[in-house]
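*Asks:* Attaching a single structure in structure tokens format; questions to follow.
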Amino acid sequence: MEKAQTPLQDVQANIAKSCAIARREPEDVTLIAVSKMHPAEAIEPLLREGQRHFGENRVQEALAKMEGAPLGLQWELVGHLQSNKAKLAAGRFAS
């Protein structure tokens, strides 16, 4: 099996292989790229490759990335939400 060109393509190939084994469609799997503790610029290569789902576990870090990100991305809050951050997070993340 030939290695894909980028890490994202490697992950997508692994998803497709696993789906074939499980008799599922790769389109039914959502890959969420967790970008926590990386600067907003770090997701740009993924955006160019078509990645549109991102996860963060720190509300303030996610909000800063959302401000400069293109429209149409879906953001997931992964991990626990502290009650003092709930108002900041409300309506900004996918449910």
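*Asks:* Can you pull the percent of the range 4-95's accessible area that's carbon plus sulfur, 1.4 Å probe, other chains left in place?
*Replies:* 52 percent
*Asks:* Can you give me the angle between helix 59-68 and the longest principal axis of the chain, using Cα atoms only, in degrees from 0 to 90, rounded to the nearest 10?
*Replies:* 70 degrees
*Asks:* In whole Hz and in residue order, list the ³J(HN,Hα) couplings for the range 32-47 that follow from phi through the Karplus curve 6.51 cos²θ - 1.76 cosθ + 1.60, θ = phi - 60°; x for Gly and Pro.
*Replies:* Rounded to whole hertz, the list is 9, 7, 8, 10, 4, 6, 10, x, 4, 4, 5, 8, 4, x, 5, 4.
*Asks:* If I take the Cα coordinates of the chain and project them onto the principal axes, what are the three extents in Å, biggest first?
*Replies:* 48, 27, 21
*Asks:* Across the range 5-16, in residue order, what do the Karplus-derived ³J(HN,Hα) couplings come to in whole Hz, using 6.51 cos²θ - 1.76 cosθ + 1.60 with θ = phi - 60° and x for Gly and Pro?
*Replies:* Each residue of the range 5-16 in turn: 7, 10, x, 5, 5, 4, 5, 4, 5, 5, 4, 4 Hz.
*Asks:* Please name which of Leu73, Ala20, Leu8 has its Cα lying farthest along the dipole of the chain towards the positive end, using unit charges on Cβ (Lys, Arg +1; Asp, Glu -1) and the Cα centre as origin.
*Replies:* Result: Leu73.
*Asks:* Kindly write out, for the range 48-55 in residue order, the coupling ³J(HN,Hα) from the Karplus curve 6.51 cos²θ - 1.76 cosθ + 1.60 (θ = phi - 60°), rounded to whole Hz, with x marking Gly and Pro.
*Replies:* 5, 8, x, 5, 10, 10, 10, x
*Asks:* Right, here's the next one. With springs only between Cα atoms under 10 Å, which of Asn57, Asn14, Asn84 fluctuates most in a Gaussian network model of the chain?
*Replies:* Among Asn57, Asn14, Asn84, the largest mean-square fluctuation in the Gaussian network model of the chain belongs to Asn84.
*Asks:* While we're looking at this one, here's another question. Please report the Cα spread of the range 25-70 along all three principal axes, rounded to whole Å, starting with the longest.
*Replies:* The principal-axis extents, from largest down, are 35, 21, 15 Å.
*Asks:* What residues have an amide H closer than 5 Å to that of Glu76, excluding those fewer than 5 places away on the same chain, when H is modeled at 1.01 Å from N in the peptide plane?
*Replies:* Phe54, Gly55, Glu56, Ala94
*Asks:* Still on this model: Report the residue, chosen from Lys17, Lys36, Lys65, that carries the largest GNM mean-square fluctuation when the chain is represented by alpha-carbon nodes joined by springs under 10 Å.
*Replies:* Of the options given, Lys17 has the highest mean-square fluctuation.
The values are calculated or read from the model by the stated rules, or taken from the named source; none is laboratory data. Since the structure is predicted, the reported quantities are computational estimates derived from the model, not experimental observations. Heads up, the Cβs are rebuilt from the backbone with ideal geometry, glycines too, and the neighbour counts pull from every protein chain shown. Keep in mind that these areas ignore ligands, DNA and RNA; they rest on the heavy atoms of the full protein, side chains included. Shrake-Rupley method; radii C 1.70, N 1.55, O 1.52, S 1.80 Å.
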